[in-house]
Amino acid sequence: GEEYFEPEQAQRILLLNQVKKENFRVKVGKVRSNLILRIPKRIADALELKDGEEVTLRVESGREILIQIG
């Protein structure tokens, strides 16, 4: 019942587990007339986010936002 992973996969799983346990404070910036959320590199790496990739934002309750990738 054991699973074996490639070293890259194992590293990503470890990073995902680490960032799941943390709360991150991110800053809202502005580019021209648009507001942007700055996502920390550790989160971007763990989720394998790339420049220009689309994500879905949904307001959950009050000021809580859910980000869905893909």
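The values are calculated or read from the model by the stated rules, or taken from the named source; none is laboratory data. These figures come from a predicted structure and were not determined experimentally. Counting neighbours? That spans all protein chains shown, and the Cβs are built from the backbone with ideal geometry, glycine included. Accessible surface areas use protein heavy atoms only, side chains included; no ligands, DNA or RNA. Shrake-Rupley method; radii C 1.70, N 1.55, O 1.52, S 1.80 Å.
Within the range 1-37, the residues that satisfy the criterion of being in a loop (DSSP other than H, G, I, E, B) and open to solvent by 90 Å² or more (accessible area, probe 1.4 Å) are G1, E2, E3, Y4, F5, E6, K21, N23, R25, K27, R32, S33.
For the range 46-61, filtered to residues that are exposed (fewer than 13 other Cβ atoms within 10 Å of the Cβ) and touching a Leu at 6+ places or on another chain (Cβ under 9 Å), the residue that is nearest to L15 (Cα to Cα) is V55. Put simply, of I65, I43 the only residue that is in a helix (DSSP H, G or I), touching a Leu at 6+ places or on another chain (Cβ under 8 Å) and either surrounded by fewer than 11 Cβ atoms within 10 Å (Cβ to Cβ) or among the aliphatic types (A, V, I, L, M) (or both) is I43. Residues considered: R12, R63, R32. Of these, the only one that is on the phi > 0 side of the Ramachandran plot and more than 12 Å from the chain's Cα centre (by Cα) is R32. For the structure I just gave you, tell me whether I43 is closer than 30 Å to Y4 by Cα and at pLDDT below 85. No: the conditions fail for I43.
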